Amino acid sequence: MQIKKVGVIGCGLMGHGIVQVAAQGGFQVVAFEADAGALQKGLGRIEGSLSKLAGKNVEKGKMTEDQAAEWVRTTRAQIHGSTDMADLKDCDLVVEAIIENLEIKKSLFGELGQLVKDSAIFASNTSSFPIREMAQASGRPDRFVGLHFFNPVQLMRLVEVVRTDKTQPEVFDAARRFGEACGKTAVACKDTPGFVVNRLLVPYMVQAILMLDRGDASKEDIDAAMQFGCGYPMGPLTLTDYVGLDTTLAILEGWVENYPDEPAFKIPASLREKVRAGKLGRKTGEGYYKWEGDKKQ
Ligand code: CAA
Ligand code: NAD
């Protein structure tokens, strides 16, 4: 089972990064977006990130200026942006990275199941939803996995490869090889809520928000505590802004509904309020912190 051409659906925070690392891994990539403006924005981010990485390689002496320019050009040339779903028809693997809404994802996979060649593998980058439900909706549950990348995709070195009871072993192996070819360490996960990372990470973020909501400590002190006390690269409130408050809320709403007896799954009041006010984190310029572009103010 050889993967050569990959479709990525959604070119937002995660999708643009998945497109980029797949292209860096040598795959031909169709970057599909429903919205032409969002597609342009995603492709622009890829270009910015590629030139940043190229500059770093030159600084470190890993590439000459000419090699770096050639690397950017050839990587970018692997990517074809599209708003026409028919362009996904002959992909060997299609990775979905649209908003965290199960009904919308299921309906998308229903459509893809009809459109994309039968031999193709489907994958979802969902943070929290059961892979088996999307697999069922696609009409090809044996050729379906979770491929859960981390934010920012270009820098985080992990991908979780999630199998259901129905995933064929050769499909799982092909998906794992794809993740490794994208430069990631792949870990195998079962189809459980949050897989490995989010099952640990999201309740930790929730506890930090509850601590802030109770007034136990300031957001700056909570973040400094975890950053300097535990050596984490950023504190939990900065991380929530980084992930997106809307995505964090969508994860928790699904879990609270489906696992009401799990005490680790709680929705803090301030998270709901901020999402209602459109304060979604770094991507909208304000969440728990204010942001100027990529930088926290
Ligand atoms: N492409 C290329 N370069 C990038 C980049 C990108 N997308 N993003 C950042 N960089 C560069 C920056 O420009 C910066 O370059 P300079 O040194 O030249 O300025 C460099 O990488 C380091 O970035 P920062 O200065 O912003 O700061 P940092 O040293 O803290 O590193 C980080 C950033 C790698 C994101 C680090 O803070 C980190 O690892 N944070 C934790 C992230 C994390 O936990 N992610 C998982 C989220 S949960 C998830 O993804 C799952 C889910 O389902 C919700
Ligand atoms: P995002 O809102 O930044 O991007 C979603 C993109 O999907 C948008 O550009 C939107 O235009 C596009 N889109 C929506 N419906 C579409 C459709 N039907 N067809 C094509 N494009 C469509 O969201 P995100 O943060 O990139 O999250 C995407 C997925 O990745 C979610 O399932 C999320 O849970 C998961 N995820 C997020 C993170 C994170 O840190 N934000 C980390 C890992 C996984």
Completion exercise
Amide H contacts under 5 Å for GLU286, restricted to residues at least 5 apart in sequence or on another chain and with H modeled in the peptide plane, are LEU280, GLY281, TRP291
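If I stretch the segment between GLU70 and LEU158 completely, what's the gain in nm (0.36 nm per residue apart, minus their alpha carbon distance), one decimal? List each step's numbers first, then the result.
Numbers: separation 88, 0.36 × 88 = 31.68 nm, distance 2.68 nm.
Fully extending the segment from GLU70 to LEU158 adds 29.0 nm.
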Exercise for the section: Could you compute the FRET efficiency for GLU253 and ASP294, with r as their C-beta to C-beta distance and R0 at 30 Å, rounded to 0.05? Expected result: 0.60
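Quick check: convex hull of the Cα atoms in region 198-286, volume per residue, rounded to a whole Å³? Walk me through the intermediate numbers first.
Numbers: hull volume 8.5 nm³, N = 89.
Cα-based convex hull of region 198-286, divided per residue, equals 95 Å³.
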Fill in the blank from the handout: Quotient of Cα radius of gyration and Kirkwood radius for region 50-189, i.e. Rg/Rh, equals 1.03
Problem - Most to least packed among 25-31, 101-107 [average Cβ atoms within 10 Å] - result: 25-31, 101-107
Handout entry: Quotient of C-alpha Rg and 2.2 N^0.38 Å, computed over the chain
Key = 1.01
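Once fully extended, how much extra length lies between ASP35 and GLN207, figured as 0.36 nm per residue of separation less the alpha-carbon to alpha-carbon distance?
Fully extending the segment from ASP35 to GLN207 adds 58.3 nm.
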Completion exercise
Any helix of the chain counts here only if DSSP assigns it H throughout, its Cα atoms span 24 Å or more along the axis, and its mean Kyte-Doolittle hydropathy is at least 0.0, and such helices are 197-214
Exercise for the section: Kindly provide the helix-only [θ] at 222 nm of the chain, computed as the sum of -39,500 (n - 2.57) over DSSP H runs of four or more divided by all residues, to the nearest 500 deg cm²/dmol? Expected result: -15000 deg cm²/dmol
Exercise for the section: With label points built 7 Å along Cα→Cβ from the Cα atoms of ASP90 and LYS60, find their separation and express it in nm. Expected result: 3.7 nm
Problem - Calculated FRET value between GLU103 and TYR232, using beta carbons and R₀ = 35 Å, to 0.05 - result: 0.55
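Rounded to the nearest 0.05, what FRET efficiency is calculated for LYS190 and SER218 with R0 set to 41 Å and r the Cβ-Cβ distance?
Numbers: r = 38 Å, r/R0 = 0.94.
Taking R0 as 41 Å, the efficiency between LYS190 and SER218 is 0.60.
Which pairs, out of LYS4/LYS117; LYS60/LYS295; LYS5/LYS184; LYS5/LYS89, put more than 20 Å between their alpha-carbon atoms? List each step's numbers first, then the result.
Values: LYS4/LYS117 14 Å; LYS60/LYS295 24 Å; LYS5/LYS184 18 Å; LYS5/LYS89 10 Å.
Violating the 20 Å limit, Cα to Cα: LYS60/LYS295.
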Exercise for the section: Would you calculate the separation in nanometres between label points at ALA277 and ASP173, each defined as 7 Å from the Cα along the Cα-to-beta-carbon direction? Expected result: 5.4 nm
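Every number in this text was worked out from the coordinates using simple rules, so none of it is lab data. Every value quoted in this text rests on a predicted model; they were computed, and no experiment measured them. Don't worry about glycine lacking a Cβ; one is built from the backbone with ideal geometry, like all the others, and counts go over all protein chains shown.
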